[in-house]
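The values are calculated or read from the model by the stated rules, or taken from the named source; none is laboratory data. Everything numeric in this text was worked out from a predicted model, so none of it was measured. Here Cβ is always computed from backbone atoms with ideal geometry, including for glycine, and neighbour counts include all displayed protein chains. Ligands, DNA and RNA are stripped out before the accessible areas are found, and what is left, the full protein with its side chains, is counted by its heavy atoms. Shrake-Rupley method; radii C 1.70, N 1.55, O 1.52, S 1.80 Å.
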Amino acid sequence: MKIAVNNSFTEEVDVMDQAEMERFVRNDREDLLALLEMRFETVPGSVREQIGRMDDLNELQRLILAACNAAEWEVFREELNAGKGSFKLTGERFNPVANPSGKGASL
């Protein structure tokens, strides 16, 4: 199995490192879903499935940052759909206190 460990390439990892990388990926997926539930209360099944298919640690960590800072659900959803090439999290769209409701936009 190949796991993306860098934005520009994937590398084959040995058995011990592979198991560790898979654990990191699984933990990041779980962390991202838990964070989304805390911020936005419910996470649609389609989003859960999309996150469940991810195997790039950098992408998952970028999405964790986006989930922490997105002012509204739709901002996070756009970032989720932007793919691996996206990396800029700037402006009021990523100000978690910009939405006065405190929970983000409804799903």
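Gain on full extension, evaluated as 0.36 nm per residue between LEU65 and LEU33 minus their Cα-Cα distance, stands at 10.3 nm.
Per-residue accessible area (protein heavy atoms, 1.4 Å probe) orders ASP17, ASP31 as ASP31, ASP17, starting from the largest. What net charge is computed for the residues neighbouring SER46, neighbours being all others with C-beta under 14 Å from the C-beta of SER46, Lys and Arg scored +1, Asp and Glu -1? Spelling it out: positives minus negatives among the neighbours equals +2.
Taking 0.36 nm per residue of separation and subtracting the Cα-Cα distance, full extension of the segment from GLU41 to ASN81 would add 12.4 nm. In plain terms, the chain from ARG23 to ARG53 could stretch by 9.4 nm, reckoned as 0.36 nm per residue minus the Cα-Cα distance.
Are there any trypsin sites (Lys or Arg not before Pro) in region 29-74 that are in a DSSP loop and have at most 13 other Cβ atoms within 10 Å? List them by number.
Passing both the DSSP loop test and the Cβ count: ARG53.
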